[in-house]
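Structure first, then comments.
The values are calculated or read from the model by the stated rules, or taken from the named source; none is laboratory data. No experiment lies behind these values; they were computed from the predicted model shown. Cβ: placed from backbone, ideal geometry, glycine included. Neighbour counts: every protein chain shown.
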Ligand SMILES: [Zn+2]
């Protein structure tokens, strides 16, 4: 048993229950929100997002991990209000996304990591909500010199606090293993890392190359059929389970109650089932049809998330 940092206070790891490991309550640009206060209606959003989260709770989900990094607009006030209003346990992240932003360029790893450590040890934006996981990301540019620094920032904050790391990768560029290389060089125990968006791949050899090094992998974009249809996501999980990897898989949607990157109508047409209830409603029955039994489903949705958070403790 360990205490996990939830946005409303510590959560005993044994109470995490069914956990969605990669979701977003809100993604909206902070600069736009600051300069144009009507860019996001926070009150209306809290109401909408709480309703969405409740639909997952009604189906047995107990915990959501909000993996919104600082510079994608993580709003701790909104996240906390959604947790209070919906009754969900929500774990917030700290960390930086993959974009190469000018303000980061001149600062050393230790200074950037210091902000993340502050979020984890003291609380986010002056609240008592402490970050429970560290997010970092590598996308189509791969592990550039700049991106290497951002991964090192995550590694540094992880080693100082013991809080797990969860990543964003670009499967087309196979960026999972190079992330593991940077973490390993920085002295990170790879079993404390979730390599994210692996569910976008059907390449078993690629996925096993990550799993063999001990990391968890995120099968975490159910509902994003334009990237990879669910059917293929489900068969890949079934095959990995047959090969004995169920103990290192975690499930999620990467769904956002609001994301300012696309018009809402576009999302509704392109990804109508991209929401917090889709795994319970459609994916779990599909996994059962592919021969994945309830014990393995429980392992991926309850036991593995608990293990990700339970092994806390600084190095
Ligand atoms: Zn995400």
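Of the residues making up segment 90-114, those that are in contact (Cβ under 8 Å) with a residue 60 or more places away in the chain and either surrounded by fewer than 23 Cβ atoms within 10 Å (Cβ to Cβ) or assigned to a loop (DSSP other than H, G, I, E, B) (or both) number 2. Note on segment 202-248: residues that are closer than 27 Å to residue 50 by Cα and surrounded by 17 or more Cβ atoms within 10 Å (Cβ to Cβ) amount to 9. For segment 166-184, which residues satisfy the criterion of being under 16 Å from the mean Cα position of the chain (by Cα) and not in a loop (DSSP other than H, G, I, E, B)? The answer is 166, 167, 168, 171, 176, 179. Kindly indicate whether any position in segment 227-234 is in contact (Cβ under 8 Å) with a residue 24 or more places away in the chain and under 17 Å from residue 167 (Cα atoms). Within segment 227-234, not a single residue is in contact (Cβ under 8 Å) with a residue 24 or more places away in the chain and under 17 Å from residue 167 (Cα atoms).
Kindly indicate whether any position in segment 224-238 is farther than 30 Å from residue 269 by Cα and in contact with a strand residue (DSSP E or B) (Cβ under 6 Å, 6 or more places away or on another chain). Quick ask: steps written out before the conclusion?
Step one: list which residues in segment 224-238 are farther than 30 Å from residue 269 by Cα, which gives none.
Checked against the condition, which is being farther than 30 Å from residue 269 by Cα and in contact with a strand residue (DSSP E or B) (Cβ under 6 Å, 6 or more places away or on another chain), segment 224-238 yields no hits at all.
Among the residues making up segment 1-48, those that are assigned to a helix (DSSP H, G or I) and either within 16 Å of the ligand (Cβ to nearest atom) or in contact (Cβ under 8 Å) with a residue 40 or more places away in the chain (or both) are 13, 14, 15, 30, 32, 33, 39, 45, 48.
May I ask you to say which residue of 154, 160, 131 is within 30 Å of residue 82 (Cα to Cα) and surrounded by fewer than 23 Cβ atoms within 10 Å (Cβ to Cβ)? Walk me through how you get there before you give the answer.
Details: 154 fails: surrounded by fewer than 23 Cβ atoms within 10 Å (Cβ to Cβ); 131 fails: surrounded by fewer than 23 Cβ atoms within 10 Å (Cβ to Cβ).
None of the others qualify; the one that does is 160.
Would you mind listing the helices (runs of 4 or more DSSP H) fully within segment 198-315 where at least 2 residues are away from the ligand (no atom under 16 Å from the Cβ) and in contact with a helix residue (DSSP H, G or I) (Cβ under 7 Å, 6 or more places away or on another chain)?
Values: elements: 204-211, 230-242, 264-270, 284-289, 294-298, 304-310.
Once the helices (runs of 4 or more DSSP H) in segment 198-315 are filtered for at least 2 residues that are away from the ligand (no atom under 16 Å from the Cβ) and in contact with a helix residue (DSSP H, G or I) (Cβ under 7 Å, 6 or more places away or on another chain), what remains is 204-211, 230-242, 284-289, 294-298, 304-310.
Close contacts from segment 209-220, counting a first residue that is closer than 10 Å to residue 249 by Cα and a second that is more than 16 Å from the ligand (Cβ to nearest atom) and assigned to a loop (DSSP other than H, G, I, E, B), with Cβ to Cβ under 6 Å and a gap of 6+ residues or different chains, come to 211/245. The residues in segment 294-315 that are loosely packed, with under 14 Cβ neighbours inside 10 Å and modelled with pLDDT of 95 or more can be counted, and the count is 3.
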